[in-house]
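*Asks:* The structure's right below; bear with me while I get my questions together.
The values are calculated or read from the model by the stated rules, or taken from the named source; none is laboratory data. These numbers were taken from a predicted model, which means no experiment stands behind them. No Cβ is skipped: glycine too gets one built from the backbone with ideal geometry, and neighbour counts run over all protein chains shown. Just the protein is used for accessible areas: all its heavy atoms, side chains included, with ligands, DNA and RNA removed. Shrake-Rupley method; radii C 1.70, N 1.55, O 1.52, S 1.80 Å.
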Amino acid sequence: MCSSSTTEVTSKAEAPATVEGRYIYCVADSGEKASLGEIGIDGNKVHTIPYGDICAVAHRCPAVPYQSSDQQVVKQWVMAHQRVVDAAWQRWGNVLPLTFDTIVKGQDGDWARRNVEDWLTQEYDRLKARIDKVRDKAEFGVQVSWNTSVIARSLAETSPEIRSLREEIGSKPRGLAYMYRQKLESLLKKEMEAKADQCFKDCYGRIRRYVADIRVEKTKQAEPGWQMILNLSCLVQRGGYAELGRELEQVKNTEGFSVRFSGPWPPYSFVGGV
């Protein structure tokens, strides 16, 4: 969208506030000309700009980025952006969410609208193909964590090498026993890492059977005593998430494991940088 000279997304230095723009929330699977009301960022009136059987969901704005040093304000803008995408998703069923602060630049009058229409015209086949990819599907988040103390205790009981080293420590002099304990900690860390890799592969394989597409995300900091070992964004057929939920319930019931299963959401992670 940003590569075309007629659909250029502005930067802070490019456009004075008097230049008109269109803030684009998403592309929807509908050619309906409609108003969604004053639900946009800062209460802006949201409307559609249709082309054929698709449309851009937008509001009028100056062609300058939404910027603020107040992080609470930025957070409110982002949440408003997501609410509009959710509203379009609920209304039309299939949408391609755009990133926050995507603005199409225009000039005087209604040029920004025409630039959006030109973009929809030029990119129609690509946009339709991406809509077809996510058609009747929703995004879910899956995060699997484990309790490090429980897993470490289990490994200490089941690993022959760890058991042997622990037995040796009891028969060693104090100075040598300290060195053996360091060796034990190093071995336990190594086996925890190998176990985490094994669990990741196992959980990924079990989840993959129930989803249309999957993205591996960076793991996040878990609460004290826990470690996140898997963080996935999953594209799931609407109405088909129950089977995935049952599979995750089995993982959750494994001693020392915790599962967070969230959604459904519009397919933010699977639109390929619209």
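*Asks:* Would you mind working out the magnitude of the charge dipole of region 64-163 relative to its Cα centre, with +1 at each Lys and Arg C-beta and -1 at each Asp and Glu C-beta, to the nearest 20 Debye? Spell out each step's value before the answer.
*Replies:* Details: 14 positive and 14 negative charges, 49 e Å.
That gives a dipole near 240 debye.
*Asks:* To continue, here is another question. Would you mind checking Lys33/Lys105; Lys75/Lys201; Lys220/Lys252; Lys128/Lys252; Lys137/Lys252; Lys75/Lys220 for any pair whose Cα atoms are more than 30 angstrom apart?
*Replies:* Lys75/Lys201; Lys128/Lys252
*Asks:* Right, another one. Report the accessible area of Met228, computed with a 1.4 Å probe over the heavy atoms of all protein chains in place, in Å² rounded to the nearest 10.
*Replies:* Around 20 Å² of this residue is reachable by solvent.
*Asks:* Further, regarding this structure: Under the 0.36 nm per residue contour assumption, what length would be gained going from the current alpha-carbon distance of Gln67 and Glu32 to full extension?
*Replies:* 9.5 nm
*Asks:* Oh, and also: Expressed in nm to one decimal, what extension gain is obtained for the pair Lys128 and Val78 from 0.36 nm per residue of sequence separation less their Cα-Cα distance?
*Replies:* Working: separation 50, 0.36 × 50 = 18.00 nm, distance 2.57 nm.
Stretched fully, the Lys128-Val78 segment lengthens by 15.4 nm.
*Asks:* Could you give the length gained on full extension between Glu243 and Gln227, defined as 0.36 nm per residue of separation minus the Cα-Cα distance, in nm?
*Replies:* 3.2 nm
*Asks:* Using amide H atoms built 1.01 Å from N in the peptide plane, name the residues 5+ places from Ala212, or on other chains, whose amide H lies under 5 Å from its own.
*Replies:* Leu235, Val236, Gln237
*Asks:* Sticking with this structure for a sec: Which order, highest average first, do 193-200, 92-99, 70-77 follow once you tally other Cβ atoms within 10 Å for each residue and take the mean per peptide?
*Replies:* 92-99, 193-200, 70-77
*Asks:* Enter the accessible area per residue of region 21-130 (Å², integer; probe 1.4 Å; all protein chains in place).
*Replies:* On a per-residue basis, region 21-130 sits at 45 Å².
*Asks:* Ranked from the most accessible area to the least, with a 1.4 Å probe and all protein chains present, what is the order of Thr102, Thr121?
*Replies:* Descending order: Thr121, Thr102.
*Asks:* Sort Glu32, Glu123, Glu247 by accessible area with a 1.4 Å probe, largest first.
*Replies:* Glu32, Glu123, Glu247
*Asks:* Okay, moving on. Provide the FRET efficiency to the nearest 0.05 for the Val150-Arg206 pair, computing r from the beta carbons and using R0 = 22 Å.
*Replies:* 0.60
*Asks:* Distance in nm between label sites at Ser186 and Gln198, each 7 Å beyond Cα in the beta-carbon direction?
*Replies:* 2.2 nm
*Asks:* Next question. Let me understand region 198-274 better: what is its radius of gyration from the alpha carbons, and its Dmax, in angstrom?
*Replies:* Spelled out, the Cα radius of gyration and Dmax of region 198-274 are 13.0, 42 Å.
*Asks:* Kindly state, to the nearest 0.05, the FRET efficiency for Thr254 paired with Lys220, given R0 = 25 Å and r defined as their beta-carbon distance.
*Replies:* Working from the Cβ atoms, E equals 0.75.
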